[in-house]
Amino acid sequence: MTTTAPSATATAAAGSLKGVVAAPTSVCTIDGTAGKLIYRGYLIEDLAANATFEEVVSLLWDGELPTSAQLKAFTQRLADGRGCLTASTSICA
């Protein structure tokens, strides 16, 4: 006979998700007891106080904070993706 661990659905139905791992990840660590949220080794408070949005996105996507050159290229890549759609050009002008 094979036994399996309770599913997340079964645990949620019982009223708690304590101990349920949705998916292991290297992106984020949560230490609820200590009240810490850590992204890729950096405390969220440090990122919020010292990093730009673009730096944090690069950290999350690429696994490390960008160099100045990498940040410049990444910021341009993001800006290039923000162009107006043809149908909304008159609104953006």
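The values are calculated or read from the model by the stated rules, or taken from the named source; none is laboratory data. This one's a predicted model, so the numbers in the text were calculated from it and none came from an experiment. Virtual Cβ from ideal backbone geometry, glycine too; neighbours counted across all protein chains shown.
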Check on Ala48, at negative phi, modelled with pLDDT of 95 or more and exposed (fewer than 12 other Cβ atoms within 10 Å of the Cβ) = yes
message = Among the listed residues Thr29, Thr25, identify the single one that is at pLDDT below 90 and surrounded by 11 or more Cβ atoms within 10 Å (Cβ to Cβ).
response = Thr29
